[in-house]
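Working notes for the structure below.
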Amino acid sequence: MSPLSPSPTPALHPAVAQVTERIRQRSAASRAAYLQRIARWGQRPPGARRLGCANVAHAVAGVPAPDKLRIVEARGPNLGIVTAYNDMLSAHQPYEAFPAWLRDEARRHGATAQVAGGVPAMCDGVTQGFAGMELSLFSRDVIAQGTAVALSHDVFDGALLLGVCDKIVPGLLIGALHFGHLPCAFVPAGPMSSGLSNKEKARVREQHALGLVGRDALLEAESRAYHEPGTCTFYGTANSNQMLLEAMGLHVPGAAFIHPHDALRESLSREAVRLLLQQMARRRSEVAIGRIVDERAIVNAMAALLATGGSTNHLIHWVAVARAAGIVIDWDDFSALSAVVPLLARVYPNGEADVNQFQAAGGPGWVIRELLDAGLMHADVLTLSPGGLRQQTTWPVARADAPGGLAFEPVPQASGDASVLRPAADPFSATGGLRLLAGSLGRAVIKVSAVPEERWVVEAPARVFDSQEALQAAFNAGELDRDVVAVVRFQGPAACGMPELHKLTPQLAVLQGKGYRVALVTDGRMSGASGKVPAAIHLSPEALHGGPIARVRDGDVIRLDAVAGTLDVRVDAAEFAAREPAAMSEAASDEHAHGLGRELFAGFRRNVTSAEEGACTWL
């Protein structure tokens, strides 16, 4: 891959510079300690040369004889593959074919590649609204641990990380950063082709919530939406992951949203091997993943998330990712960036387009170029590509005369669809898609990019629930047909693993559609695909730890103001403080602790940090 010709670098926006410097100063001690550790591990002899003979023999016993020679005699680079493959989940099913491609390409370049291990890959779409969802957030840290176990054999000179969806990419990245001395490349699998539109799917869900259509019609609609291998096509957490990896330079440029069945997918996967090996040969220490992921790269990812109205889940995940690299960020940093980073994309749930239309309009490379040219991203960062972050403003094309049959061309200057992508000079909104809320109920986040501006402020009496099932029952009984702020508590990470509450979206959307002022306030999460109804989520401190949400009672007036960035209960402060916080019932506590393996996660629930601290179980 030839680097792009250098472009003039615009001055960095003062607010971006200030946030970055604030993070750098806050993280000075922890980042320095991290860099010292990875430097120490990176100074050792390469690969198998650092192990004893018996250790090496075990490591290569199962590989073909020519690969043994490459590892032991020729001392060629050995890449570890960590894969999230399973054939139940559409996003990860394509990975079945990838190891053979990666091994073959490594051999072509005098290297080897071994599947070092697999990690679990949960699908929130399968577990949504059921007990298994309570393992979902914690699966991120299990994936990080699985990545660590896979790489702990310590015979690898680099790593190829295969994962796409919600917790999988953050988990792989956290795990890889704990092996920060290794050069690493992420290898995406791509989205499925467009099926039933997201707007139509949402309409059928709301009709079902009203009892207007039955299960057969709902299942038929869902099956038309989720219909083949590949990632779901809405811009939720999975596809936000891919945008952020592009913005951090950890992908082959433009690899994120090429379909699994496109011939380019194999070429791009092979290019990841070629690029990683080339960069390891030229500048090994520079492309170590712990060096690439610095405070500038983290800020670039945050800017890309805000500019595209990405998933709220990343206000948890990227805090944890940053901590894995010795970098400390918080929601104030997101809020400061959101005030200056414009919204450039309208992709469902922020608009009607899906990620295939986003890709056709210009995709991640177009967004990155706009942000770089506006001074809203750091250009002077390390990336997997030799051309730095500017190289991520290209997209791949098949070309027979190019190495590997793959060439990279600059993304078009103009948006391919102005209803989907708009330039930084004429954005959909002057500010980003996510906002911080703070007030007498604590600190929360809200995704405003999908919420009509006339609904950014909601003031209404509270109806308090201790479970999503209780809210659904009240809706079915007609008890919520009024202006209401639904408060759903005891959903935080320590209480029950912080499940997503996306199953509540159709009911709340129905109430909103009837003309009521409706909002959700919760210490739980919403799906990355949510946003139609204003929702103050990730509320910290959570109810189980005595957060103010535990003092809210039915009828208390709550004001959610996304314009001012406030979340308050309209109760006399002294009276509110004097209330005894509600406690989680013994029956609910017991229910969340047992069944479907939840017993195994008791330690996670005890040790987990708050949502704003990344909901980490390993700190």
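The values are calculated or read from the model by the stated rules, or taken from the named source; none is laboratory data. The shown structure was predicted, so the numbers you read here are calculated from the model rather than taken from an experiment. All Cβ positions, glycine included, derive from the backbone under ideal geometry; neighbour counts span all protein chains shown. Surface areas here come from the heavy atoms of the whole protein model, side chains and all, with no ligands, DNA or RNA. Shrake-Rupley method; radii C 1.70, N 1.55, O 1.52, S 1.80 Å.
For helix 28-42, what angle does its Cα long axis make with the longest principal axis of the chain, in degrees from 0 to 90 and rounded to 10?
Once rounded, one gets 30 degrees.
Find the lysine pairs in the chain meeting two conditions, Cα atoms under 20 Å apart and a separation of 8 or more places or different chains, and report how many there are.
14
Taking every pair of alpha-carbon atoms in region 187-287, what share in percent sits in each 5 Å bin, from 0 to the bin with the longest distance?
Result, from short to long distances: 2, 12, 16, 16, 14, 11, 9, 6, 5, 3, 2, 1, 0 percent.
Give the longest segment of the chain that steers clear of GluC sites (Glu not before Pro) in DSSP loops with at most 13 neighbouring Cβ atoms within 10 Å, not counting the sites themselves.
Working: sites that count: Glu286, Glu479.
Here the longest run is 1-285.
With N denoting the number of residues in the chain, provide Rg(C-alpha) divided by 2.2 N^0.38 Å, to two decimal places. Each step should come with its number before you reach the end.
On the way: Rg = 23.9 Å, N = 619, 2.2 N^0.38 = 25.3 Å.
The value comes to 0.95.
Using modelled amide H (1.01 Å from N, peptide plane; none on Pro or chain starts), what sits under 5 Å from the amide H of Val457, excluding residues fewer than 5 places away?
Correct list: Ala562.
Relative to the compact-globule scaling 2.2 N^0.38 Å, provide the ratio for the alpha-carbon radius of gyration of region 66-126.
Working: Rg = 14.2 Å, N = 61, 2.2 N^0.38 = 10.5 Å.
Taking the Cα Rg and dividing by 2.2 N^0.38 Å, one obtains 1.36.
Could you state the angle between the C-alpha long axis of helix 14-26 and the longest principal axis of the C-alpha atoms of the chain, as a value from 0 to 90 degrees rounded to the nearest 10?
80
At 1.4 Å probe radius, can you tell me the per residue accessible area of the chain in Å²?
Working: 22260 Å² over 619 residues.
In whole numbers, the chain has 36 Å² accessible per residue.
Using only the alpha-carbon atoms of region 133-187 as identical scatterers, what base-10 log of I(q)/I(0) does the Debye formula give at q = 0.15, 0.17, 0.31 Å⁻¹?
Taken in order of the listed q values, log10 I(q)/I(0) reads -0.38, -0.48, -1.30.
Give the separation of the Cα centroids, region 405-419 to region 157-228, in Å.
Cα centres, region 405-419 to region 157-228: 24 Å.
For region 187-231, take the convex hull of the Cα atoms, compute a quarter of its surface area, and give me that in nm², please. Walk me through the numbers on the way to the answer.
On the way: hull surface 13.3 nm².
So the Cα hull casts an average projection of 3.3 nm².
Remind me, relative contact order of the chain in percent, using alpha carbon pairs under 8 angstrom and six or more residues apart?
On the way: 1370 pairs, mean separation 92.2, N = 619.
Once normalised by length, the contact order is 15 percent.
Any chance you could check the Cα centroid distance between region 573-619 and region 449-510 for me, in angstrom?
One Cα centre to the other: 19 Å.
Cα axis of helix 198-209 to longest principal axis of the chain: angle in degrees, 0 to 90, nearest 10?
40
Got a number for the accessible area of Lys201? Probe 1.4 Å, square angstrom, nearest 10.
Roll a 1.4 Å probe over it and Lys201 shows about 10 Å².
State the percentage of accessible surface on the chain attributable to carbon and sulfur atoms; use a 1.4 Å probe and exclude ligands, DNA and RNA.
Carbon-and-sulfur percentage of accessible area, whole number: 54.
Mean 1/r over all different Cα pairs, inverted: what Kirkwood radius does region 44-94 give, in Å?
On the way: mean 1/r = 0.0778 Å⁻¹.
Answer for region 44-94: a Kirkwood hydrodynamic radius of 12.9 Å.
Using the scaling law 2.2 N^0.38 Å as the reference, what is the normalised Cα Rg of region 156-229? Please list the in-between numbers first.
Values: Rg = 19.0 Å, N = 74, 2.2 N^0.38 = 11.3 Å.
This ratio for region 156-229 stands at 1.69.
Debye calculation, C-alpha points only, no solvent: report log10 I(q)/I(0) for region 25-165 at q = 0.15, 0.17, 0.19 Å⁻¹, in the same order as the q values.
Each listed q corresponds, in turn, to -0.87, -1.01, -1.11.
Count the DSSP beta bridges whose two residues both fall in the chain, then state the antiparallel fraction as a percent rounded to the nearest 5. Spell out each step's value before the answer.
Numbers: 25 of 54 bridges.
If we restrict to bridges inside the chain, about 45 percent are antiparallel.
Which of rounded, prolate or oblate describes region 512-551 when judged by the alpha-carbon gyration tensor and an a/c cut-off of 1.5?
oblate
What percent do you get for the relative contact order of region 423-543 when only Cα pairs under 8 Å and 6+ apart count? Kindly include the intermediate steps, with their values, before the conclusion.
Details: 229 pairs, mean separation 34.9, N = 121.
Dividing the mean separation by the residue count of region 423-543 yields 29 percent.
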